[in-house]
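Peer 1: Quick one: the structure is below, and I'll ask about it shortly.
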Amino acid sequence: VSTQSTGKQVNVVMSKGVIKASSGGKNKSLDSRLAIITPVLSFQGHEDSVRCIFVTPFDEIITGSDDHTARQWDLYGRCVKTFSGHNGPVTAVCCNDSHLYTGSEDTRAIKWSLAPSDAVHEEVWQGALEFSGHEGAISSICCMGDAGLCTGSLDGSVRIWDMDSAEEVASVPHSCAVAAIAVQEYYLFTACSNGSAKMWDAASGDLLKSFDPDTRGGASSLLNLCVRGTILYTASEDNTVRKWDVESGACLRTVPAVGSALCVADNCVFTGSGANGDSVKVWSSGGGSYAVFRGHAGPVTSICATDAVLYTAGQDGNAHAYVVPPAPKIGYLEKKGGGTSLFGRRSWQKRYFTLREGKLSYFKEEPSKKQADSSEPLGTVLLHDCSEIKSAKELKRDFCMTLVTKQRALMIRAANKSDYTEWKLNLDAHLAYVRMVKRDQLADPAKESLQIEREEEHETAEIFNNLDIDGDGQLSQHELEQAVAGVMSEEYAEAEQDNSVIQEVAQDVLDALDTDGDGTVSQQEFQDAARRRREAELAELVQEEEREPEPEPEAGLELGFGRELEPEPGFQQRGPLDTDGGASVTREDYRLD
């Protein structure tokens, strides 16, 4: 698909739930680097603009519309009940386990019975209870536990009602229109048209705190607010969202936003975006935006979210559901080398990793800002193809984890427990995300395999060059003997070595690798052997998914035969090959093994 964006050609590849954009220009806009998410489910049926949206405790959707109705939708996007008792646009909705509460421009709030999950669609015209008393349109509504209902109105008042009798039990007057309300525990938060947000004691009605932005440029009306823990967020007509500390009242941050769309989920914030407010942007807890949700043909009027799904309502008369990608994760980890491991352990190499939209990529070093969009990774693992992520506990290796796919097994290691925990949680979150959407068609499995092969061949070539002492491009038996002796001396420095065993080990390696029978090992033969070993290791990892992992020694001598010589402290105990306990491997020990 091709489209025009800011005068530049942009190519996009789309699958259900995910769109990726790439621009040929050198200077990319900020949004061109964001993941573009499209709806996985739509709710269509309203005859006018959808003004509000809410998720029930059972993950069903409630919408309110300018067509004077509210609708209840099931998990498949089907309308199971229409509530048609208002004489004006339905501007606010909320619910508890059994009942729906709607607020309208007709100044009334109405209580309704929710439809059961297996209901066939019906339309009802009469609510169970009406809440009357406001003199202006109701702008916001929320439940206060199991007993109280709170409504905010453009008449400048907030009223608290008894849910069962519809009697007004308290009122909190304001000097201006109330655009939005939120309740957290015993506190009430209100957004006012004069640009101020306020915090009240819900029981006594006492004003506890005001959150007033810098008004040197003129006050802008607040459109919405939400609260999570000790953080308050407000959306304003000046196209900004502000983050406030509830305890101190200080403004911590201001970010650009469009419209009244605003909500908070676990570790992220959603705000209105786009030239006309027709999209939604998600911000991580660290402050950066990383994805934009598109699908509406007009401004987004309301949003709500769970930890995994974003729901939006729009002036186009539609509501949409999107799967929310986890926030990206970047940083340095150690990656276990992909070489042959024929001589000595495969080395751990420090690499710069990026985890984004279910793709774990690694670079030799952190790309510069100019290279961030064009730098080609050394390798990439698509979590969509990942069968499991083995933990440090399963591997019995501190701070290590292994990502297992059909193409490879990538072992990575964090620097400490804190980093390990953070990376493991992020990887698990991204793995859960990719299992909710279709495989990203932009990712080319052939290209991914080529990247993997390229890095592993490079690492294998480095090992070969280190062993090729005379630099003739061939490994002779003498060079193989020196390599075996070097490994054994490194692990068994205090043990007496048997030169005849070293010679026999080197000869066995030569016989296994020298496929053309010329008495030497070429780099291609070395690469082929490394590839065979990696395939065998991967096959063994896949088989381990169906059985309990066997205990592994903490350290060992890898000789490329799938066996390990285990050095014991003080050489007092027998190793796997040291059958006589003599702290050395004799010819007979090796033959018996």
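Peer 1: Hey, how many Å between the Cα centroid of region 373-439 and the Cα centroid of region 73-108?
Peer 2: Between the Cα centre of region 373-439 and that of region 73-108, the gap is 43 Å.
Peer 1: Given points 7 Å out from each Cα along the Cα-Cβ axis, report the Phe363 to Cys251 separation in nanometres with one decimal.
Peer 2: 3.5 nm
Peer 1: With every protein chain kept in the model, how would you rank Trp423, Trp125 by accessible area, 1.4 Å probe, largest at the top?
Peer 2: Trp125, Trp423
Peer 1: Work out, step by step, the length gained on full extension between Ser500 and Lys417: first 0.36 nm times the residue separation, then minus their alpha carbon distance; give nm to one decimal.
Peer 2: Values: separation 83, 0.36 × 83 = 29.88 nm, distance 4.46 nm.
Separation in residues times 0.36 nm, less the Cα-Cα distance, equals 25.4 nm.
Peer 1: Turning to a different aspect of this structure: Rounded, prolate or oblate, given the Cα gyration tensor of region 64-134, with a/c below 1.5 counting as rounded?
Peer 2: Working: a/c = 2.04, a/b = 1.63, b/c = 1.26.
Prolate.
Peer 1: Let me ask something additional. For region 273-331, how big is the tail of P(r) above 13 Å, as a whole percent of Cα pairs? Present the calculation step by step, with values, prior to reporting the outcome.
Peer 2: Working: 1012 of 1711 pairs.
Beyond 13 Å sits 59 percent of the P(r) for region 273-331.
Peer 1: Ignoring ligands, DNA and RNA, what percent of the accessible area of region 175-313 is carbon or sulfur (1.4 Å)?
Peer 2: That share works out to 45 percent.
Peer 1: Remind me, relative contact order of region 118-270 in percent, using alpha carbon pairs under 8 angstrom and six or more residues apart?
Peer 2: In percent, rounded to a whole number, it is 12.
Peer 1: Could you sort Glu462, Glu366, Glu388 by their accessible area in this structure, using a 1.4 Å probe and putting the largest first? Mind showing how you got there, number by number?
Peer 2: Working: Glu462 80, Glu366 100, Glu388 35 Å².
Largest to smallest exposure gives the sequence Glu366, Glu462, Glu388.
Peer 1: Additional query: Quick one: dipole size for region 218-313, taken about the Cα centre, charges +1 on Lys/Arg Cβ and -1 on Asp/Glu Cβ, in debye to the nearest 20.
Peer 2: For this selection, approximately 120 debye.
Peer 1: Follow-up. Averaging the inverse of every distinct alpha carbon separation and then flipping it gives the Kirkwood radius. What is it for region 243-288, in angstrom units? Mind showing how you got there, number by number?
Peer 2: Numbers: mean 1/r = 0.0878 Å⁻¹.
Answer for region 243-288: a Kirkwood hydrodynamic radius of 11.4 Å.
Peer 1: Okay, next question. If I ignore ligands, DNA and RNA and count only protein heavy atoms, how much of Lys111 is accessible to a 1.4 Å probe, in Å² to the nearest 10?
Peer 2: Here the residue's solvent-accessible area equals roughly 20 Å².
Peer 1: If you add up the charges near Ser285, with Lys and Arg at +1 and Asp and Glu at -1, over every other residue whose beta carbon is less than 14 angstrom from its beta carbon, what do you get?
Peer 2: Taking every Cβ under 14 Å from that of Ser285, the sum is +1.
Peer 1: Let me check something: with ligands and nucleic acids excluded, how do Asp106, Asp470, Asp266 order by accessible area (1.4 Å probe), largest to smallest?
Peer 2: Asp470, Asp266, Asp106
Peer 1: Debye sum, Cα scatterers, region 196-264, no solvent: what log₁₀ I/I(0) at q = 0.26 1/Å?
Peer 2: The Cα Debye sum returns log10 ratios of -1.26.
Peer 1: With a 1.4 Å probe and every protein chain left in place, tell me how much accessible area Ser500 has, in Å² to the nearest 10.
Peer 2: About 30 Å², ignoring ligands and nucleic acids.
Peer 1: Quick check: residue separation of Asn466 and Gln126 times 0.36 nm, minus the Cα distance between them. What number comes out in nm?
Peer 2: Using 0.36 nm per residue and subtracting the Cα-Cα distance, I get 114.0 nm.
Peer 1: Something else: Take every Cα pair under 8 Å in region 168-249 that's 6+ residues apart, average their separations, divide by the length, and report that relative contact order as a whole percent.
Peer 2: The normalised contact order for region 168-249 reaches 22 percent.
The values are calculated or read from the model by the stated rules, or taken from the named source; none is laboratory data. Note that the structure is a prediction, hence the values are computed from the model and not measured. Because the Cβ atoms are built from the backbone with ideal geometry, glycine has one as well, and the counts that use them run over all protein chains shown. These area figures cover heavy atoms from the full protein model, side chains too; ligands, DNA and RNA do not enter into them. Shrake-Rupley method; radii C 1.70, N 1.55, O 1.52, S 1.80 Å.
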